[in-house]
Amino acid sequence: MIACDHYNLIRTSLVLTLFFSAWSGGAAYGETAMLECMADTSIPSTDGHAVELRLPHVILMNFRFAAVRDWAVTKATLLLHVAGGDPLRNVDIATILVAWDEKPAGSVDTRKLQFLSHKVENKPDGWISIAVEPPLVELLTAGKGTGLAIRDRSASRRHTIHSRESVQFTPYLIVEGRPR
């Protein structure tokens with residue numbers, strides 16, 4: 001199954017939920033946005049255009065946070081597609097505070113990032129789901145950060161994640177909340 005199919009399924013589910021909520025007289029209190037991955041790379045890396053990103057290297061990702069600017073975020077879920085390797089159980093996620101781009105990602109000193117452990121949930125067809133703390137996403141939507149850093153600290157060192165260059169398995173971030 002490709003990422004586009006997931007998008008259509010999510011969009012259809014949202015439309016049906018909103019329709020039945022309005023039809024039954026209930027108010028729809030929240031909104032959902034699917035944020036596109038704009039940039040991704042892994043450190044150390046020589047090229048920001050790789051189809052696969054390697055763990056335990058630190059993976060940097062930036063999403064279109066402008067779509068949810070000034071939202072009160074109630075839930076955020078990072079969806080990644082595993083290209084290969086052992087199953088992941090936990091990953092560490094941090095907010096990147098300095099400017100970076102895909103090519104010379106050396107401006108990010110990963111030793112200074114404050115990572116939080118997040119549980120990984122395995123999904124069908126090689127997808128994984130990671131619940132991201134809403135305050136991390138709100139920090140990024142407020143323009144106080146430039147993306148997410150992801151690392152794996154498990155004993156197994158063989159993991160690859162598809163990057164946005166893979167097109168059909170591009171990473172995305174689902175954000176639920178409401179405008180303030």
note = Non-local residues with an amide H under 5 Å from the amide H of residue 132, with H modelled 1.01 Å from N and Pro and chain starts lacking one, are 76, 77, 78
note = Diffusion coefficient in µm²/s returned for the range 30-179 by Stokes-Einstein, Kirkwood Rh over C-alpha pairs, 4 °C and 1.567 mPa s, is 85
request  = Give me 115, 63, 169 ranked fewest to most by other Cβ atoms within 10 Å of their Cβ, as a rough exposure proxy.
outcome  = 115, 169, 63
task = Check the straight Cα-Cα distances from residue 123 and name the lysines below 21 Å, setting aside those fewer than 8 residues away within the same chain.
result = 75
task = Compute the label zone of residue 122 within the range 55-74: residues whose backbone N is under 18 Å from the point 7 Å along Cα-to-Cβ.
result = 55
task = Only Lys, Arg, Asp and Glu count, each charged at its Cβ (+1, +1, -1, -1), so figure out the dipole size of the range 30-179 about its Cα centre, rounded to 20 debye.
result = 360
inquiry  = Need the list of lysines near residue 103 for cross-linking: C-alpha distance under 25 angstrom, and skip anything on the same chain fewer than eight residues off.
reply    = 112, 144
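Read the figures in this text as sums done on the coordinates, not as results from a lab. Everything numeric here is computed off the predicted structure, so don't read it as measured data. Reconstructed Cβ throughout: ideal geometry from the backbone, glycine too, with neighbour counts over all protein chains shown.
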